[in-house]
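The values are calculated or read from the model by the stated rules, or taken from the named source; none is laboratory data. What you see is a predicted model, and the numbers here were worked out from it, not measured in a lab. Cβ placement follows ideal geometry from the backbone for every residue including glycine, while neighbour counts extend to all protein chains displayed. Note: areas computed on protein heavy atoms with side chains; ligands, DNA, RNA excluded. Shrake-Rupley method; radii C 1.70, N 1.55, O 1.52, S 1.80 Å.
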Amino acid sequence: MTELTHMTVAQALKGLENKDFSAVELTQAHIDAMANYRHLNAFIVETPDLAMDQAKASDERRAKGEAGALDGIPLAIKDLFCTKGVQTTASSKILEGFVPRYDSTVTARLFRDGAVMLGKTALDEFAMGSSNTTSYFGNVINPWKRSDGSNADLVPGGSSGGSSAALAARICMGATGTDTGGSIRQPASFCGITGIKPTYGRCSRWGVVAFASSLDQPGIFGRSVEDTAIMLKSMSGFDPKDSTSADRDVPDWAGQLGGDLKGMKIGIPKEYRMDGMPEEIEKLWQQGIAWAKESGAEIVDVSLPHTKYALPTYYIIAPAEASSNLARYDGVRYGLRVEGQDLTDTYESTRAEGFGDEVKRRIMIGTYVLSAGYYDAYYIKAQKVRRLILQDFEKAYEQCDALLTPTAPSAAFAIGENEDDPIKMYLNDVFTVPASLAGLPGMSVPAGLSADGLPLGLQIIGKAWDELTVLKVGQAIERAANFSALPEMVTKKAA
Amino acid sequence: MAQLIQGNTGEWEIVIGMEVHAQVTVQSKLFSGASTEFGASPNSQVSLVDAAMPGMLPVLNEKCVEQAVRTGLGLNAKINTYSVFERKNYFYPDLPQGYQISQFLHPIVGTGEIEIDLPDGSVKTIGITRLHLEQDAGKSLHDQHPSKSFVDLNRSGCALMEIVSEPDIRGAEEAAAYLSKLRMILQYLGTCNGNMEEGSMRADVNVSVRKPGDELGTRCEIKNVNSVKAVQMAIDYESRRQVEIIEDGGSIKQETRLWDPNKGETRSMRSKEEAHDYRYFPDPDLLPLEFEQSWVDEIKQTLPELPDEKKHRFMQSYGLGTYDASVLIAARARADYFESVANDRDAKMAANWVINELLGVLNKNGKELEDSPISAEQLGGLIDLIADDTISGKIAKDVFADMFETGKDPAAIVEEKGLKQVTDTGAIEAIVDEVIAENPDNVEQYRSGKDKLFGFFVGQVMKKSQGKANPAVVNDLLKKKLS
């Protein structure tokens, strides 16, 4: 049944419709894969029984001709989305054992369309990280290995690393993620899969454990651009329960794919050519530019002059919001409580034991930048720079329809690398953070392999609400790159 | 009419600014759909948002915004069509989010003013600095268990309007007048029920003292002052405390103090140094609040006549004095009642009956106007019976007492008990003759100059007629026959 785990969603939907296989068979194959690759530690909670129940119900719906847009498709859900009756932790000890009585809007919509949930995937604690090494439930291992024979375990990227690893290992057919500064695009690049963060406000944040409210945006990992388009449609749309969600129609993106890039202008931002960027990243970028040209696009050089301020700006705004968003984890109503001598002691002990180092670091940074006397110098200034960064993009889009850049400055690194230097770790998001600050849609498409045989992605950034162009450019790159490499452990199994 | 304190070194002026928290009259909470009804069992009106469950988001209740705008208009204030909700961050078990959503730099209502009525009949204008919308916290219960505190989140997330005054208030009397007037305005507008016992309206009082004409002194903020009386007592206590400290050579430390109603004193809660850094910043879960001026104008159209306008109208169109007008407008229902009674009748007489008779007897029986057994229509009917000489004013009081007892119509009572006034001159003349015949001594004395005895004859005639004789006719006949 291994081939059942190697299809795209589009192919699987056809197979189900043609009765080539049932949702139960499809789901069982993925449950088996989940068991096979348990050592990757991609899941915090596996829900095989729930998945089988959902698959059976799906087959019944299909038999009655009532199948939904994703009926019977087994997905992995990032453990930042609240799921009714299934533990939701944000990979934090402070939420261990927390079982919501509600489904996030995004998961509710996926289930409404018939999706099957295999389990909840690990992430960096509260989505704070780029390596998945800050999870309370342990590191997630990237299914890819370097081709130098070192056999070192690599990070899957982060924060949505459990989802990207699970999809790359063929455990699921799609996986939800959230992206605050690159948490979908960077792990997609590290794991050789496709991932899209739509425009801020496209997917509801209701029921998603908050990290930085003005940046957090749900999105999806897929095996192909078309798959992400299909799944994104199910997740998207206005939600009156989220005041920042947009009341806009959701286009049929998948139905509009397939053409070339004739008549399109692709911008190349010169500020993304950074000092010390590995040669192979630059080469891949040039290759991407050539592919876009071959597909009929006109290439335009553009400037995003405030790019260098994006990371510092992000590391003021995101921690500021996080320091306030995470105040609710106080041991009073749910999650971990460490009883102390008095109220203050209980707060301090609970939060000291419940949060990991990176979360504590960001809460402290956030508290600092919001404090009296520092607020204007940090938070207000960062908000001003954020506006300038948005204006950079708006100006660039007067000249072009989308931007093409590398997704990350490197391929996946080994677990333990970069751990001693938070700043070096933060640099992982240097190419993804600007679009997050501007609320723009961005996607990573696998485009080639590093010298070490690791996947590398290219990023497409679009105009607000123009996911269609992002997906079209992504698909042109996908077609030209024809990226078919698989992690060795997966090809071995398949053989 | 500033209230001054006589100290050892001369007179001191009390300077007061007030922050009033008024719970918005509305069905559901500021950012969630949970009910706001008072008195429900603990934690029965708590949504996922109010309990700050992971991933929950606030959605602004439009009705609360409308009520805030309505209140701003009632305070003659500037309405800001752009305002921002910010987070005020601090930890406490009855604050589930770890922050209160409030407004800070950009409140929904800016500067305004209200007139307060002072006991000497004068009027003073008090400036309003701002009004903003914010969430209420839940309630911590420390008396339910020997070692544990319980939390009731029913109130968590309810909409409050914080109304901040300028430091224009001088003394306890003015503070009481301000609070009463503010409450009256809110009740007229229907934006807060003003019930201080239920905590729907709470006041923080900023008090400082200075020698008249000096710069403002250092202030202390007094919390937990939950009635008009407590506000007065707290100000009296606190201002004297401050004067004593200064006159003893000390200085006032800026701090937050708590009013203890049992001991009748204020005591230190936290100093300025211990004050929280609330780390306000715009709530990223909510967009800035923007609306059209035309919406404000629409709300303005629906504003009721406010207390001051009503008072002036009562004085002008009904010819009432300041006192009567002030009493009648104190509650909207009372003013409406009066106007129904006064409709097409002698307004002064109507005011007199409402204020002196009806409100008097209601007060004596511990009843509100809403529970009055006598309707405005019935009271009007009673006044009609006096006006057309069916009964005398004296009989009317008996009828009124009967109406209050039974709730019956005045005409029915008069009919039933045969209280109709006798205006038949012949019948009265017979009684007058009888009285004169029965009291020859008094007649003689009256005629020899003891004018005061006239009242005796009137009384005797009235007694014999069981009060039904028309007093004017009795007077005329007696004067004629005794001369």
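In table form, for the structure just shown:
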{"item": "Condition check for A:Tyr309: touching a helix residue (DSSP H, G or I) at 6+ places or on another chain (Cβ under 9 Å) and either of a type in the set (Asp, Glu) or away from every other protein chain (no Cβ under 14 Å) (or both)", "result": "yes"}
{"item": "Subset of the range A:413-429 that is under 11 Å from A:Leu154 (Cβ atoms) and aliphatic (A, V, I, L, M) - its residue that is surrounded by the fewest Cβ atoms within 10 Å (Cβ to Cβ)", "result": "A:Ala414"}
{"item": "Condition met for A:Ile196 (under 19 Å from A:Ser131 (Cα atoms) and either more than 8 Å from every other protein chain (Cβ to nearest Cβ) or open to solvent by 10 Å² or more (accessible area, probe 1.4 Å) (or both))", "result": "yes"}
{"item": "Within the range A:55-98, tally of residues that are open to solvent by 10 Å² or more (accessible area, probe 1.4 Å) and on the phi < 0 side of the Ramachandran plot", "result": "18"}
{"item": "Residue, farthest from the other protein chains (Cβ to nearest Cβ), within the range A:214-241, restricted to residues that are crowded, with 21+ Cβ neighbours inside 10 Å, assigned to a loop (DSSP other than H, G, I, E, B) and touching a Lys or Arg at 6+ places or on another chain (Cβ under 8 Å)", "result": "A:Ser236"}
{"item": "Meets criteria (out of contact with any Lys or Arg (no Cβ under 6 Å at 6 or more places or on another chain), polar (S, T, N, Q) and free of Cβ contacts under 8 Å to residues at least 24 places away in the same chain) for A:Thr491", "result": "yes"}
{"item": "Failed item in (1) touching a strand residue (DSSP E or B) at 6+ places or on another chain (Cβ under 7 Å); (2) touching a residue at least 24 places away in the same chain (Cβ under 8 Å), with B:Asp50 passing the rest", "result": "(1)"}
{"item": "In the range B:36-72, residue nearest to A:Asp79 (Cα to Cα) [restricted to those that are more than 10 Å from every other protein chain (Cβ to nearest Cβ) and open to solvent by less than 20 Å² (accessible area, probe 1.4 Å)]", "result": "B:Asp50"}
{"item": "Residue within the range B:43-57 that is over 30 Å from A:Thr89 (Cβ atoms) and part of a loop (DSSP other than H, G, I, E, B) present", "result": "no"}
{"item": "The range A:96-155: number of residues that are hydroxyl-bearing (Ser, Thr, Tyr), outside any loop (DSSP other than H, G, I, E, B) and farther than 30 Å from A:Lys64 by Cβ", "result": "1"}
{"item": "Elements of type helices (runs of 4 or more DSSP H) in the range B:268-347, at least 2 residues being within 23 Å of B:Asn76 (Cα to Cα), open to solvent by 40 Å² or more (accessible area, probe 1.4 Å) and without any contact (Cβ under 8 Å) to a residue 24 or more places away in the chain", "result": "B:293-301, B:307-318"}
{"item": "The range B:219-250, residues that are open to solvent by less than 60 Å² (accessible area, probe 1.4 Å), in a loop (DSSP other than H, G, I, E, B) and over 23 Å from B:Ala177 (Cα atoms)", "result": "B:Gly250"}
{"item": "Residues satisfying the stated conditions in the range A:379-412, i.e. within 14 Å of chain B (Cβ to nearest Cβ), farther than 28 Å from A:Val445 by Cα and open to solvent by less than 80 Å² (accessible area, probe 1.4 Å)", "result": "A:Tyr379, A:Ile380, A:Ala382, A:Gln383"}
{"item": "Residues that are away from chain B (no Cβ under 14 Å), touching a Gly at 6+ places or on another chain (Cβ under 7 Å) and open to solvent by 10 Å² or more (accessible area, probe 1.4 Å), drawn from the range A:242-262", "result": "A:Val250, A:Asp260, A:Lys262"}
{"item": "Residues that are open to solvent by 20 Å² or more (accessible area, probe 1.4 Å) and touching a residue at least 60 places away in the same chain (Cβ under 8 Å), drawn from the range B:19-35", "result": "B:Glu19, B:His21, B:Gln23, B:Thr25, B:Val26"}
{"item": "Subset tally (residues that are charged (D, E, K, R), in contact with an Asp or Glu (Cβ under 7 Å, 6 or more places away or on another chain) and under 15 Å from B:Thr25 (Cα atoms)) for the range B:120-163", "result": "3"}
{"item": "Residue check for A:Thr367: over 19 Å from B:Ala51 (Cα atoms) and either free of Cβ contacts under 8 Å to residues at least 60 places away in the same chain or in contact with a Gly (Cβ under 8 Å, 6 or more places away or on another chain) (or both)", "result": "yes"}
{"item": "Residues (open to solvent by 40 Å² or more (accessible area, probe 1.4 Å) and of a type in the set (Asp, Glu)) located in the range B:82-120", "result": "B:Glu113, B:Glu115, B:Asp117, B:Asp120"}
{"item": "Count of residues meeting criterion [assigned to a helix (DSSP H, G or I) and open to solvent by 50 Å² or more (accessible area, probe 1.4 Å)] in the range B:358-372", "result": "4"}
{"item": "Residue within the range B:209-217 that is surrounded by fewer than 19 Cβ atoms within 10 Å (Cβ to Cβ), acidic (Asp, Glu) and under 20 Å from B:Ile16 (Cα atoms) present", "result": "yes"}
{"item": "Scan of the range A:105-142 for residues that are open to solvent by less than 10 Å² (accessible area, probe 1.4 Å), more than 17 Å from the chain's Cα centre (by Cα) and not hydrophobic (A, V, I, L, M, F, W, C), ordered by number", "result": "A:Gly114"}
{"item": "Count of residues meeting criterion [over 28 Å from the mean Cα position of the chain (by Cα) and more than 11 Å from every other protein chain (Cβ to nearest Cβ)] in the range A:314-338", "result": "2"}
{"item": "Extreme residue, farthest from the other protein chains (Cβ to nearest Cβ), among residues of the range A:348-377 that are under 22 Å from B:His142 (Cβ atoms) and open to solvent by 20 Å² or more (accessible area, probe 1.4 Å)", "result": "A:Ser349"}
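Results for (1) assigned by TED's automatic domain parsing to the domain that holds B:Ile108; (2) touching a residue at least 60 places away in the same chain (Cβ under 8 Å); (3) more than 30 Å from A:Val332 (Cβ to Cβ), shown as yes or no for each residue.
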| position | (1), (2), (3) |
| --- | --- |
| B:Ser165 | yes, yes, yes |
| B:Gly171 | yes, yes, yes |
| B:Asp204 | yes, yes, no |
| B:Thr218 | yes, no, yes |
| B:Asn224 | yes, no, no |
| B:Ser227 | yes, no, yes |
| B:Ala234 | yes, no, yes |
| B:Tyr237 | yes, no, yes |
| B:Ile252 | yes, no, yes |
